[in-house]
């Protein structure tokens, strides 16, 4: 592996620090390590994006003297905020507030978003970006272009630049397009659905290379692309794991970090915990359920209904470095896969950070999906089907016995292939092949 930087890649991403959240981290980490593999990244991102929250701790990963290009973006969110009286609020995932739920106006706005803003509300940034970047690239040539979505509007920028400038283009998908879990909730007309699928086919078939984060996505996209799709999963960065001694929790702490929306509400777990608590007072006394992030009202309702509300500790949205410290001082790490048609292919970025802590993972999701396969390969934890209450009780009880005997910790095992630096090497190889085939 050489260290001489001789090739340039333009990375087009909507999410970039100071924005927080898991969507930022995939390409932030690639950019962090690309110079080690002979590639100089140049980042293009909006100057004024609609970010749910900011996380200044992520800025430490930005390489020195990285060139970051920015232009302003117009998004329709301010219209929505004005119509709903939420002028000064930050929006969550989707338009509606997770605590307040969705009213008729919210549903109407979601319908408009799906049927008129195709492929997504960032569509208005496509043509201005193509004009700006065309001028930039003519002055300062690059060897390759990368677009990462969602938002999938960014792939349309890559498509237009490829046609205009004939530069090799890699389309990276962190999530599916028409098979994403909320696609059915957009209530698309036949025409809108056709337009979404037409754009998806066009991007997949015209991109010079395509990368995805899971094997299931690879299988789905190869049916459309009629060609090879490379899997470069998300991963963990060893630099993010706290190097100091962090006090262990006082109780049997089950921790979840991230957004827990209605589709990720693990009712099977709350029912199992409630049942165990009713039968084992010692367990009930020691149990702590910690959630850091955005929580839907349905989750809190389930916690109350299953009599584990008193065990619940809500941390709110916290910076990434604090989230990693929280994971390290927990007993068991909870991971929930959306109960959606594409669930088998979902492997969230946060899973790999869980993996790096060496703590046992308790996952809720398909027992025959990509996540289940990686858990089996690494021996990092176990997965429970969405409705398997007995299985959940059995695994939790087993973990609790290990907790009492101070035997919960795992050896890190075969996880080095999921380090961000090693994965960046895979990306660099993909880019090298891309320009060699030019």
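Every read-out reported here was derived from the displayed coordinates using simple, explicitly stated rules and does not represent laboratory data. Please read all numbers here as calculations on a predicted model, not as lab measurements. Every residue, glycine among them, receives a Cβ derived from its backbone with ideal geometry; neighbour counts consider all protein chains shown.
Exposure proxy ranking for 398, 152, 166, based on other Cβ atoms within 10 angstrom of each Cβ and starting from the fewest, stands as 166, 398, 152. Between residue 62 and residue 437, the modelled label-to-label distance comes to 3.3 nm, taking each label 7 Å out from Cα in the direction of the beta carbon.
The residues 256, 37, when put in order of fewest to most other Cβ atoms within 10 Å, stand as 37, 256. Helices in the chain, meaning DSSP H runs of at least 4 residues, each add -39500 (n - 2.57). Divided by all residues, the mean residue ellipticity at 222 nm is -12500 deg cm²/dmol.
Given axes a ≥ b ≥ c from the Cα gyration tensor, I'd like to know whether the stretch 238-416 is rounded (a/c under 1.5), prolate (a/b larger than b/c) or oblate. Judged from the Cα gyration tensor, the stretch 238-416 comes out rounded (a/c under 1.5). For the pair the stretch 249-291 and the stretch 188-211, the centres of their Cα atoms are 41 angstrom apart. Each peptide in 293-299, 236-242 receives the mean, over its residues, of other Cβ atoms within 10 Å, and ordering these scores from highest gives 293-299, 236-242. Looking at the square roots a ≥ b ≥ c of the eigenvalues of the Cα gyration tensor of the stretch 376-438, which shape do they give, rounded for a/c under 1.5, prolate if a/b is larger than b/c, or oblate? Verdict is oblate for the stretch 376-438. Rounded, prolate or oblate, given the Cα gyration tensor of the stretch 319-386, with a/c below 1.5 counting as rounded? Prolate shape, in that a/c is at least 1.5 and a/b is the bigger ratio.
For the options 424, 178, 147, a Gaussian network treatment of the chain with springs between C-alpha atoms closer than 10 Å singles out 178 as fluctuating the most.
Packing order of peptides 332-345, 133-146, highest average first: 332-345, 133-146 (average count of other Cβ atoms within 10 Å over each peptide's residues). Going from the fewest other Cβ atoms within 10 Å to the most, the residues 201, 225 appear in the order 201, 225.
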